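*Asks:* Take a look at the following structure, please.
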Amino acid sequence: MSRNALLQPQHTIHPSAVVDAGAVIGPATRIWHFSHVCGGARIGACCSLGQNVYVGNDVVIGDNVKIQNNVSVYDAVTIEDDVFCGPSMVFTNVHNPRAAVVRKDEYRPTLVRRGATIGANATIVCGVTIGSYAFLAAGAVATRDVPDFALMAGVPARRIGWISRHGERLALPEEGEGRAVCPHTGDVYAVSGGVCTLLSAE
């Protein structure tokens, strides 16, 4: 770990991890075995980066983000607060990569909005936005924008339902309009025109 990295107090940085000079790491964030954080990265407070995690230079990670083992967060990825990235899920940043063609000026930005969950071995094709509190099932491949509260599965990923902020499936209609209550929290959700919104929270 570089002695020049901009580290705030109360970090847990495993001795095998590499944090390059210039990286900004928020308080109470934990970085575990064999991980590498590049110098331009900005990581918020109370995050957890598991074993063998890579974070590129042009990456912003919010607060309370959980990144499980074997995840690479490449340049042009922004992750907002309270996001969960499951083991071995994949981010990309070039749409049409070739080993012999340099395309570093063609990176497509990816945004993961607050509270989203990305399951183990899921893949996010670059240039998409994953909506707030959306849930991508294990192995799903997101090739286009994902709506807020959407439950997504498959290759390519398609919406199979709606999910609450607490992670409970909502009894909302596939088509048309309707309302549902989260069975755990009592929050009320409505769907209309393919858009799910939180109406009230307990």
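The values are calculated or read from the model by the stated rules, or taken from the named source; none is laboratory data. Predicted, not measured: the structure shown is a model, and the values here were computed from it. Here the Cβ positions follow ideal geometry from the backbone for every residue, glycine too, while neighbour counts run over all protein chains shown.
Yes or no, residue by residue, for (1) under 17 Å from the mean Cα position of the chain (by Cα); (2) in a loop (DSSP other than H, G, I, E, B); (3) modelled with pLDDT under 95; (4) of a type in the set (Asp, Glu):
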{"position": "His33", "(1), (2), (3), (4)": "no, yes, no, no"}
{"position": "Cys46", "(1), (2), (3), (4)": "yes, yes, no, no"}
{"position": "Asn69", "(1), (2), (3), (4)": "yes, yes, no, no"}
{"position": "Asp82", "(1), (2), (3), (4)": "yes, yes, no, yes"}
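*Asks:* Which of the residues spanning segment 15-72 are aliphatic (A, V, I, L, M) and out of contact with any strand residue (DSSP E or B) (no Cβ under 7 Å at 6 or more places or on another chain)?
*Replies:* Those that are aliphatic (A, V, I, L, M) and out of contact with any strand residue (DSSP E or B) (no Cβ under 7 Å at 6 or more places or on another chain): Ala21, Ala28, Ala45.
*Asks:* Being in a loop (DSSP other than H, G, I, E, B) and small (Gly, Ala, Ser) is the filter; apply it to segment 48-61 and report the residue that is farthest from His36 (Cα to Cα).
*Replies:* Ranking the candidates gives Gly50 first.
*Asks:* Across segment 111-135, what is the number of residues that are without any contact (Cβ under 8 Å) to a residue 40 or more places away in the chain and assigned to a strand (DSSP E or B)?
*Replies:* Selection size over segment 111-135: 8.
*Asks:* Does Asn64 qualify as being in a loop (DSSP other than H, G, I, E, B), over 12 Å from the mean Cα position of the chain (by Cα) and either within 23 Å of Val18 (Cβ to Cβ) or not aliphatic (A, V, I, L, M) (or both)?
*Replies:* So Asn64 fails the test.
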